[in-house]
Amino acid sequence: MSKEVRVRFAPSPTGGLHLGGVRTALFNYLFAKKNNGTFILRVEDTDQTRFVEGAEQYIVDCLEWCGISPDESPQQPGAFGPYRQSERKPSYRQYAEQLVASGYAYYAFDTAEELTAKRAEEPNFLYGQKSRMQMRNSLTLTQSEVSELLAQNAPHVIRIKMPTDEQVTFTDMIRGVVSFDTNLVDDKVLLKADGMPTYHLAVVVDDKAMEISHIFRGEEWLPSAPIHLLLWRYLGWANEMPAWAHLPLILKPDGNGKLSKRDGDRLGFPVYAMNWTDPKTGDLTKGFKELGFMPEAFVNLLGVLGWNDGTDKEIFSLEELKASFSVERISKAGAKFDFEKAKWFNHEWIKAASVERLALSVKSELSKSGIEVASDEKLAEVIELVKDRCTLLPDFVAQTSYFFTTPTEYDSAAVKPKWNADKAAFFEEFANTLNIELSAVELEAAFKALAERKGLKPGEVMLPLRIVLVGGKFGPGVFDIVKLLGKEETQNRIAKGIVEFNS
Ligand code: GLU
């Protein structure tokens, strides 16, 4: 590749970050890293009506959580700043004016009321080839009228003049040759009355100014591509145009359309990377992070949404994704989002994670439930024992809390009706003779042998043992639990359990 690879993730800071947005960021990041390039965060905040306090920092935090922080960003500027479009405002007008001067764009003086009236009259109204000559703009007014209006600072926008009967064609890195008929595209606003550029102008001017080499963005931007392509051409930069790749959509679980935040709410799963609180309404939308996803798992599941390495391999660390990522293997077709599968990824990552990696998260989950862990060593042993049973990080609470606090409630419905004095005597003797030096396997053998000597079937006493130790019918091997609880605690719990079952 001749040109240095520079890619950008260019979100508008308008709210929570959809997992599709994170996937776009990830693919940009992977492409940059694969090619020794630079990954840039550019904040596209030119639409001041949609500006949301805190949304930029939230995006930065999400990227950091995923481990894909940008090399250049508003927080860490490089040589191409500023990295917020609102701070680049003075740079745009000259290009819009240049386009007017060269006949590719025009001033439009129509007021909001006039446009509203027009739309009411013609519900499918589009400002473009068919209608532009009936409107109030520099194509229909005389030059002196236009000069006068400009001199009076009359509110106006600048619109692109879409050419008639042209095919705009480019080669998308994923889709191949894509063509658009210019007759079907309206005259988009490039510069707004407040002097701010619209997305279309800003995206082109900034991609040029920031020397962006490749653009990875969602398929929803494909219809905008002809406008951008024409702007690159009309501004005289056609030879420097970046290569484009429009990433496949992330679809609803049933494959019917794009996955939206509303689908998540409806189907009961998160769509945002992290918790997002709307600063105006205070409404909280749950994110993958807080639900208990490991960032490794989240990145992994996004990495294979619309991409594979050509084999059946599904588990990829970020390092592995960096090494194997290739644009050729991004699919054209939309990728269905399956929350059960997402959880499967997390489960796999928890199983594979080291105890050290999990300890901090588990500790914080436990502490949210009011359980403080005194011994890190014990916590490590407990995590090792139960991690295969946890799908989401909060599952560790139920799976580990009984190691740190004696159960106060017992799921004894299956035990009590069959409880009798023989069983009580058996448990007393087991507790009194408990040799904690034995291994879990040896303890089990001793337990079964004692049961047989007492004329009890081992199966009859296993469940009561689990319930007195755990409180419920779950958890890892019961003699592993005995080993970890230690002699005294096991004895105490058996004694307490006997009282409970006798009552
Ligand atoms: N600001 C656009 C967005 O919010 C960027 C689209 C693009 O990458 O061109 O996604």
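The values are calculated or read from the model by the stated rules, or taken from the named source; none is laboratory data. Since the structure is predicted, the reported quantities are computational estimates derived from the model, not experimental observations. So basically every Cβ, Gly included, is an ideal-geometry build from the backbone, and we count neighbours across all protein chains shown.
Mind checking which pairs have a first residue in the stretch 3-26 that is under 20 Å from Leu305 (Cβ atoms) and in a helix (DSSP H, G or I) and a second that is more than 8 Å from the ligand (Cβ to nearest atom) and of a type in the set (Val, Ile, Thr), Cβ under 7 Å, 6 or more apart or different chains? Qualifying pairs under 7 Å: Leu19/Ile250; Leu19/Val271; Gly20/Ile250; Arg23/Ile250; Ala25/Ile68; Leu26/Ile68; Leu26/Val299. A search for C-beta distances below 6 Å between a residue of the stretch 43-61 that is farther than 18 Å from Arg8 by Cβ and any residue that is among the polar types (S, T, N, Q) and within 13 Å of the ligand (Cβ to nearest atom), counting only pairs 6+ apart in sequence or on different chains, returns Arg50/Thr14; Val52/Thr14. Kindly indicate whether Phe51 is of a type in the set (Phe, Trp, Tyr), in contact with a Ser or Thr (Cβ under 8 Å, 6 or more places away or on another chain) and within 14 Å of the ligand (Cβ to nearest atom). So Phe51 fits the description; yes. Taken over the stretch 33-48, the criterion of being out of contact with any helix residue (DSSP H, G or I) (no Cβ under 8 Å at 6 or more places or on another chain) and either of a type in the set (A, V, I, L, M) or within 11 Å of the ligand (Cβ to nearest atom) (or both) is satisfied by Ile40 alone.
The sole residue among Gly20, Gly67 that is within 27 Å of Phe325 (Cα to Cα), surrounded by fewer than 22 Cβ atoms within 10 Å (Cβ to Cβ) and out of contact with any Ser or Thr (no Cβ under 9 Å at 6 or more places or on another chain) is Gly67.
Checked against (1) farther than 30 Å from Pro270 by Cβ; (2) at pLDDT below 95, Lys368 passes all but condition (1).
Note on the stretch 259-273: residues that are in a helix (DSSP H, G or I) and of a type outside the set (D, E, K, R) amount to 2.
Glu381 falls short on exactly one of the conditions (1) over 23 Å from Gly486 (Cβ atoms); (2) part of a helix (DSSP H, G or I), and that condition is (1). Scanning the stretch 274-328 for residues that are more than 20 Å from Pro248 (Cα to Cα), assigned to a loop (DSSP other than H, G, I, E, B), of a type in the set (A, V, I, L, M, F, W, C) and in contact (Cβ under 8 Å) with a residue 40 or more places away in the chain yields Met274, Phe293, Met294.
Within the stretch 85-110, being of a type in the set (Ser, Thr, Tyr) and either at pLDDT below 95 or part of a helix (DSSP H, G or I) (or both) holds for Ser86, Ser91, Tyr95. Annotation: of all residues in the stretch 165-179 being within 16 Å of the ligand (Cβ to nearest atom) and not aliphatic (A, V, I, L, M), the one that is nearest to Ile227 (Cα to Cα) is Phe170.
Taking Leu30 as the residue in question, decide whether it is buried (at least 18 other Cβ atoms within 10 Å of the Cβ), under 27 Å from Pro248 (Cβ atoms), of a type in the set (A, V, I, L, M, F, W, C) and within 15 Å of the ligand (Cβ to nearest atom). In short, no. Scanning for something under 13 Å from Gly292 (Cβ atoms), free of Cβ contacts under 8 Å to residues at least 24 places away in the same chain and surrounded by fewer than 17 Cβ atoms within 10 Å (Cβ to Cβ), does the stretch 349-367 turn up at least one residue? Yes. Restricted to the stretch 147-187, and to residues there that are free of Cβ contacts under 8 Å to residues at least 60 places away in the same chain and crowded, with 19+ Cβ neighbours inside 10 Å, the residue that is farthest from Val327 (Cα to Cα) is His156.
If you go through the stretch 7-24 and keep only what is among the small types (Gly, Ala, Ser) and either near the ligand (Cβ under 10 Å from one of its atoms) or more than 14 Å from Tyr272 (Cα to Cα) (or both), you end up with Ala10, Ser12, Gly20, Gly21.
When residues in the stretch 196-229 are screened for being within 17 Å of Val177 (Cβ to Cβ) and away from the ligand (no atom under 13 Å from the Cβ), 1 of them pass.
In summary, Asn256 fulfils each of the numbered conditions (1) outside any strand (DSSP E or B); (2) within 15 Å of the ligand (Cβ to nearest atom) with the single exception of condition (2). Going by the structure shown, is Leu251 in contact with a strand residue (DSSP E or B) (Cβ under 6 Å, 6 or more places away or on another chain) and either under 30 Å from Leu358 (Cα atoms) or surrounded by 14 or more Cβ atoms within 10 Å (Cβ to Cβ) (or both)? Spelling it out, Leu251 is indeed in contact with a strand residue (DSSP E or B) (Cβ under 6 Å, 6 or more places away or on another chain) and either under 30 Å from Leu358 (Cα atoms) or surrounded by 14 or more Cβ atoms within 10 Å (Cβ to Cβ) (or both). With respect to (1) within 27 Å of Pro295 (Cα to Cα); (2) without any contact (Cβ under 8 Å) to a residue 12 or more places away in the chain, the lone exception for Phe396 is condition (2). Remark: pairs (first residue in the stretch 417-437, within 19 Å of Gly459 (Cα to Cα); second residue charged (D, E, K, R) and assigned to a loop (DSSP other than H, G, I, E, B); Cβ separation under 8 Å; 6+ apart in sequence or on different chains) = Asp422/Lys454; Ala425/Lys454; Phe426/Lys454; Glu429/Lys454. Taking the options Glu72, Glu53, name whichever one is loosely packed, with under 14 Cβ neighbours inside 10 Å and in contact with a Lys or Arg (Cβ under 9 Å, 6 or more places away or on another chain). Being loosely packed, with under 14 Cβ neighbours inside 10 Å and in contact with a Lys or Arg (Cβ under 9 Å, 6 or more places away or on another chain) holds for just one of Glu72, Glu53, which is Glu53.
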